Structures are given as structure tokens and as C-alpha cells.
Amino acid sequence: MKDVTLESTVSNGIVIGVESRLLTRKVRIPSLGDDVFRRDRLTELIERATARPVTMIAAPAGSGKTVACAVWAAEKARSRRVAWLSLDEGDREPARFWASMTAALATGGTSAVSELVPRSRDGDDDLPADLVNTMRRLSGSVVLVLDDVHVLAGSDVMPGLALLAHNAPTSLRLILSGRSLPDLHVARMRVAGTLSEIMPADLACTAEEAEGYFAALGLAASAAERDQLLSSVEGWMAGPRLAALIAARDGALSVDAIAADPIVADYLRDEVLDQQPAAIRRFLRRTSVAERLTGGFADWLTGEQGGTRILDQLSRTGSFVSRDAQGKYRYHPFLRQVLLGELRGGTPEEVPGLLGRAARWHTRDGDAIEAVRCWAETRDWEHASLALTEAGLAGVLPGRIGELEAALGLFPAARRGADPAVAAALGMARLCRGDLASADAYLALAAAGLDDRVPNRLVVELWLAMLRTALLRTAEQPDALAACWALAEQAQVSASKQAEHQALGLLWLALGTALLRRWEITAARRALASARHQLTAAGAIAMRERTQGWMAVTEVLYGDLHAAAGIIERLRSRVPPDPAAAFFGAIAAAHLAVEQDDLVAAARLLDEADPSAVSWLPGEPDAESLLMLARVRAAIAEGDVAAAGDMVRLVCDKYGTDEPVPCAVDADIALLAGDPRLTTAALAQSGGAGAGRTVRADQLAARARLLLALGDPAGALEAARHCASDGELTLRDRITALVAATLASRRLGADREAARSLEQALGLAEPHRAYRPFLDMGGDVHSAIAILVAPASPAAGFAARVREHLISRPLAKPPDAPPGGREAPALTASELAVLRLLRSHMTNQEIAGALYLSVNTVKTHLRAVYHKLGVSSRREAVDRGRRLRML
């Protein structure tokens, strides 16, 4: 627009002058036709936003900014003063801008400002400050909407507008709407609390709005087509409008073809690309081969510098470039489609080179999917396969399996089966989808084609071993598992490349979780430690975090509660948290709380754990099963036989015996129930006479407990002694075996040996505050500690804490008791009040004063509380009250 001085004055809200008609259109709220779709959600959002002095609405072209503001302004103009100014390039000249603003305010009913802009006034004087002062003297308030404010960027208007925005009086509210927001020192307003922001996500079209918009446009679309269109346009409000135009031209809606339609391309060229300098447009075309970009990646593709600055600027100026939480930039799919079309049509000779550079970047970055896709687009299948093995599967499993299959689907069908790397990757993808038959078939194809000519052969061999391990569902195939373990140990010596470390780490992870399912805790612990080491060496951070989550579970089941607590704390402090690792950490924390006899914390952690937030890898124990195991152990700790048995039956009904719950707790339930029949059955399960099978290490400790319960202390002592020589026994089971040996030795009259076993058990348990192995053995442990642990013993302090927990442990609830948990003893209101005050360490006299009772009455209530709770001290009463949820 030509440079002109606005020759106009404002009188009583009427604009008079040579450009009056143009100015009238600029300062009036845009009229809304019958076909305009009104979104009440945005009207309410803008209304709430105007509670603060400045509201900023920034979003790309076609997002519905102007319509949303116009709908709000038209509705609110009936009850409050609303001024409107549509900006254009001519408003970059200060004199014209301030004159236009004055006219807008006058049209909105604020004519007192007209005297500020006489026709002879310069635009660079102190007018903004005068406007602020004038607005302060006004009665009432006005909201001024500045539409298309992005046109002012870099102009001489900005200092004055910034002054107005930062010093806006209470009588003035500003709404600044545009594709981007000029430099107005937004951070300062955010900190001061004077700014409301409406972002592109707020303007995005919802499913309900799309349905109403389609109806208003006369566009017939099914719910599936609507959802597909919304997904493709990513909430862009102009998308349905353009789709309606295309459908009217073609007579039908084809969502898949919209992105490449000339109508969409013309719109994006007019509104976005034509606004960019030639160098930026060239940058956009050359970087469009990538779906996501960093500044360094953009520089790698273009061979130039400054990619970060360009991408940041584009993301801030409403150019359909967004930045995700990981700091990567991406072009809107429609814009990327247009750019790729221009690249292939204008400089097709550049395309193969750009795709090759992109593929090498993705390979180095560990993104197998994008590396394969880029090479596949050039039909270079050898490089695509090589990139697959060099990038590895760590960045794919388990959440991007669908993308992996799509990328590998670009290979010709004949090559998919003949290439061992591709076949192995497809086998893992099928296994993740639960298609065991297809996974097994691809495993056979990959194994058949594996020879010395295969690049990165070791990587493929490790993938196949991982696949075999994950396919093993039962413990009846120990030889296959042993072979995979042997390969992992051998590769641990020879692995040197990053891809080999990554593949080896994934194999160790598969071995660790497979062994955990078989309840081989000690071996699983070693495998997971190796997995963490290898994945760290490979830089596979996400899979390393997942491994650490499993390590936390395994450490707490092993009994190293100190190590488990350290891993759990590291997982909790990670920012951002890894969902899978956080979930496994929560399960481990619940088990840890049970082992340390904090049942309230265990219940809370179990309630908070959400298995649906985790994508599972083949071969891993089931989430519900792991949660159920913790719940069963908590129920056993509470003495609730019925609840524990019901939960075990639920697991068996769903999984059979393929999950670790039944084998982990069968002996505990039998002992808690005190049923000789169940105890005998559990004894046979743990390797009794005639069992005719290998006994698991943990079953040795269980066998000692069971024999003790059946009145065979000699047999129990012999079983406990066998545990001492078993290298696969966990720390928890070793403590259990020592406690069982203590009780067996006492019954056999060997108090010296009993004391020695008890000292060892207490010494092993104290660093971990592991109370559960002692509590599970019942009241005999209490008397053993009282008699066998001398006051001068190094274990005396921990022994005293064990006794405290034994005193306040819940009584066992019979199996035939009604569901719903053990009933708390009935306390009167006064007795309950006294119990609650016991936590405060108040004296009896102070409690009496607080409750307006006599001291003798308080003592009477205390005796009743102690009797009903079955305790003999204040601390025991408080502990028992907490366990019974009375406090």
C-alpha cells in the first residue's frame, strides 16, 4: 500500500475524510454471514481471557482467529464497549496506525480520545503515553481488538504499542490477534500476570465442532470420515472448509486425496509460502524430506548454517511449523506435501541426495524407521537393510511397531522374506501384535537366510535369539533358553559396535523378563544388570530406563531392598518420566512397602499404578499379574487368607500357571490358612517326595517353612541347611531359611545353633529393613528373639524393631470369614478420641484437658483401648490403629 497521511478527524464516532469508507471497514467488527460457524467454546474462552489487561491469540492462517474474535465482539458489543481495528501493511506507518486506533476507539464509543490525533500531529511523538493517560480518565472500560497484528512486526509502531500493552489502564483491555505476535516483551507480562494467551491448540477444531461445521457447510461425512479428516488436518479450522470445496467440485469427499489437492496447495502457497523470502522457501523445500527436524539436522540436509534460527523463527510466525516437547520441529502434513511436490517438480535431481543424507542422519540417530523409509524412497534396498541393523530396534520397541511395519512394507515382497534383517524385524513386529504363528514363520525365514554374507550378522543373530526367548512361553524349554544365554555371554566378549551393544542389551532384557516369569529371580537379576550395561553403552536411553524399572521389581523380589529403593528413587526423579519405567517402579515400590511392613503405603501405591499406560514387550510378565502379586502379598501380610486365595484363583483362571503369582505365594497362603491339607499340597508342590522334578531355589526355603508347620523340625532344619549351599537362592529366601532354621533348632533343643541362625538372619535383614520374612513366621519368632538375642548383640536394635512389628501385626482372618477385610474392634467415641490423641505424645493429663475428661476417665479409656486392640503400650496401640485404618 502507498504511503499516505490519513486526512481525517473523528467526531461523535463518525469518520469523515478522503479515506472514510476504507477506514470505516477497518474499524468495524466484521459482519458475520449465515454460513459462519460460531464456536461458543471460543467465545467463552475469549471472555475469560479479557479478565486480564492483554489477551494474545496467535495461530497460523485459517485457524479461525478472526471469526472467533468477531463472534465474541458482536455478542459482547451489546453489553460493553468493544472497539475493532483490522490491520494491514499501511498501518506500519505510526501516524496512520495511531489515527486508525483512535478512530477504532471512537467507533467503539470512546470519542474522548479523538483530540489526541489532529491531522498535523507527528507519529513519533509522545502520543502513546498521552493515550494511556487519557484512557485512565475514562469512566467505564473498552476492549480493543487488533486483528492481524503480525503485520506490524519490525515496524516503528512497535515501541508505542509495547508501551500501551505494558501500561494499559484498567479501563482498556487489548486483544491482539495474528499469525504471530511481534516483540512485545511477552515474558514480562507472563511473569506479571497481566497476559492471557490463546494458543493454536485452543483454536483446534474438536470432533463435536467438526460435526456442526460439516452440517453448516452441507458436507456429508460419516463419523469415521470426520475423524479421519480431523486427524489429517490436525485441527486446522480451514481444513473442513477446503474439504467442502473439494467435495462440491468432485461430488464426493475423499479424505486421502485432500492433502495433495490443488485447492489446498494454492491456499498454502498464497497464505504461507508466498510470504517467505526465496531463501527460506528453498530451505523449506530441501528440509521437507524429513518428518521431524532439529537445527543440526536441517544444517546437515542443506549443507548450510542457521537451521535452528530459521526453524525457531518459522515456528513463531504462524508458518505451519510446530515444535514438540522433545524440541523437534515438524511441518504441518499439508504444508509438507506441498513442499515435497515443489521439490520433486522443481529440482528432482536433488531428491535422492537429500533422502540419502536424511537416511544417514537417522541411522546415526538410532531411528530405524525413518532411515529405512528414506532409503526405501530411493529404492536402495541394500542400504535400507543395512540402516535397519545399524540403527537397531531399541527406538522402535514397543510403541512404534506399526510405523516399523509400514516402513518395511515398502520393501518388495520377495526381499522381505529373503533378507534376514528385515524378516527378523517383521517377526518381532508380529510378535508384539500377538501373532505367534507369523512371528515363528518370519523367525524361520530369517534363520534360513543367515550366512556370512549378511551385513552386521551378529546383530541379526542377537535379534533372532531375542525373538526365540520372547516366544518361549513355558519352562519346558530350558535348553532353548540356555542356548540364548550362551549366545549372549559369547557376544558380551565380542560386541564392539554400538548396534551390537544395543542388540545384545535387548537380548539380555528379554532373557531377564523371561526368567522373571519363570520365577528364577537370581538369574533374572544378573541378566537385567547386563542389559542395563549394554543399553547404556549403546546410548539406548528409553530401553535402559525400562530395564531399570524391571531391575527395581527384581531387586525387591530378590530381597535387596536398599538397591531397589535407590533405583525407584532414580526413576521417580527422571524428567520427563518414562511411563513404562515409572509403572514398574510403582510396582516395585508397592512390594518394597509390603516387605518393610508399611501396608498403608503399599495400598496407596497399588491404587495409583496404571498398567494401561504401558505398552508391553513380548515375553514380559503381564501387568495385571504383577499388580496382583503385590496385592496378594499385601493381603497375606494383612492376614486375609480369603482375599489372597481369591486373587490367586483369578490369576490362574486368566493365565493358567504361566505367570509368577501362584508359584510365589502358594506356600504363604497354605501357612496362613493353617490348613494341613493345603500345607501338604504346597509341600508336594515345593519338591516333596515323589514329585519327580527339579526344585526351584525359592521352593527350598518354602519347604523348610512347610515342614516346620507340619511338625517336622528335623526335616525343616535339613531343608534350611540345603539353602545355604544354593547359589541361586535369593536374599529374601536366605533370610527366610535362616529364620526357619532358628525355629527348627529351638524345637530340637539346639539353642546355640538357633541363636547363630537368628543373628545371621537379623544381620542380613537390617540394612534393608526387611521385616516381612520374620513377620511371616508368626509369634514363635517373637519369643525366639526375646530369648536368643542378648542386649549386647549387634543385632539387638533391629531385633527390637522386629518385635515391635510382630506385636502390632494383624491377626489372621479365617478363610471362611466374610469378604471386605478384617473388622476393626468397636471403640466408643471417647475411646477413639483418646486413641487419636496418643499419636501426639501428650500426657494423660494433657489428653484429659483436651477432651474435658478426668485423668481417671482417660486411664479407663486407655485400658479399654489396649484390651480391644490386643496391645500393651501406646506405640503398639497407634501401630495397630493405623493397620486397622482407625487412624
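The values are calculated or read from the model by the stated rules, or taken from the named source; none is laboratory data. For clarity, every value in this text was computed on a predicted model and none was experimentally measured. Cβ sites come from the backbone with ideal geometry, for glycine too, and all protein chains shown count toward neighbours. Protein only, heavy atoms only, side chains kept; ligands, DNA and RNA dropped before computing areas. Shrake-Rupley method; radii C 1.70, N 1.55, O 1.52, S 1.80 Å.
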Scattering profile of the chain at q = 0.05, 0.06, 0.08, 0.09 Å⁻¹ [log10 I(q)/I(0), Debye over alpha-carbon scatterers]: -0.47, -0.64, -0.93, -1.03
Protein accessible area in the stretch 562-649, 1.4 Å probe - carbon and sulfur %: 55 percent
Largest-first principal axis extents of the Cα set of the stretch 299-389 (Å): 41, 31, 25
Extreme residue, positive dipole direction of the chain, given options Ile636, Leu853, Thr378 (C-beta unit charges): Leu853
Cα centroid of the stretch 487-517 to Cα centroid of the stretch 857-872, whole Å: 60 Å
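Summing -39500 (n - 2.57) over the DSSP H runs of n ≥ 4 in the chain and dividing by its residue number, what mean residue ellipticity at 222 nm do you reach, to the nearest 500 deg cm²/dmol?
-19000 deg cm²/dmol
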Charge dipole of the stretch 134-211 about the Cα centre (unit charges at C-beta), most positive-ward option of Pro182, Thr134, Gly193: Thr134
Hull shadow area, averaged, the stretch 528-679 [alpha-carbon convex hull, nm²]: 9.3 nm²
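Could you calculate the contour length gain from Ser494 to Glu718, that is, 0.36 nm times the residue separation minus the distance between their Cα atoms, to one decimal place in nm? Write out the running numbers ahead of the final one.
On the way: separation 224, 0.36 × 224 = 80.64 nm, distance 4.39 nm.
In short, 76.3 nm is gained.
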Nearest-0.05 FRET efficiency for Asp270 and Leu340, computed from C-beta distance (R0 22 Å): 0.75
Distance (nanometres) between label positions extended 7 Å along Cα→Cβ at Glu624 and Arg836: 4.0 nm
Compactness of the stretch 413-462, expressed as Rg and Dmax over alpha-carbon positions, Å: 10.2, 31
Kirkwood Rh in Å, taken over the stretch 246-302 so that all alpha-carbon pairs contribute: 13.4 Å
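At a Förster distance of 51 Å, what's the computed FRET efficiency of Arg41 paired with Ala796, Cβ-Cβ distance as r, to 0.05? Let's see the in-between values first.
Working: r = 68 Å, r/R0 = 1.33.
For R0 = 51 Å, the calculated efficiency reads 0.15.
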Cα-based Rg / Dmax (Å) for the stretch 202-361: 16.8, 49
Cα-projected label distance for Ser573 with Ala684, points at 7 Å along beta-carbon direction, nm: 5.2 nm
Förster radius 35 Å - calculated FRET efficiency between Ala613 and Ser725, Cβ distance, rounded to 0.05: 0.20
Per residue solvent-accessible surface (Å²) - the chain, probe of 1.4 Å: 44 Å²
Net lengthening on full extension, Ala51/Leu748 (0.36 nm per residue, minus Cα-Cα): 242.7 nm
Cα-derived Rg over Rh, computed across the stretch 460-597 with Rh taken as Kirkwood radius: 0.98
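Give, in whole angstrom and from largest to smallest, the semi-axes √(5λ) of the equivalent ellipsoid of the stretch 356-435, with λ running over the eigenvalues of the Cα gyration tensor. Mind showing how you got there, number by number?
Working: eigenvalues 65, 43, 18 Å².
Its equivalent ellipsoid spans semi-axes of 18, 15, 10 Å.
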C-alpha center-to-center spacing [the stretch 412-468, the stretch 142-209] in angstrom: 56 Å
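Are there any helices in the chain, counted as whole DSSP H runs, that stretch 27 Å or more along their axis by Cα and score at least 1.6 on average by Kyte-Doolittle, and if so which?
Flagged H segments: there are none.
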Net dipole in debye of the chain [+1 Lys, Arg Cβ; -1 Asp, Glu Cβ; about Cα centre; nearest 20]: 2180 debye
Rh (Kirkwood; distinct C-alpha pairs) - the stretch 713-789, Å: 12.2 Å
Where labels lie 7 Å past Cα in the beta-carbon direction, separation of Ser141 and Asp312 in nm: 3.5 nm
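Determine the relative contact order of the chain: mean sequence separation of Cα pairs under 8 Å and six or more apart, normalised by residue count, in whole percent. Don't jump to the answer; show the numbers that get you there.
On the way: 1362 pairs, mean separation 53.1, N = 887.
Rounded, it is 6 percent for the chain.
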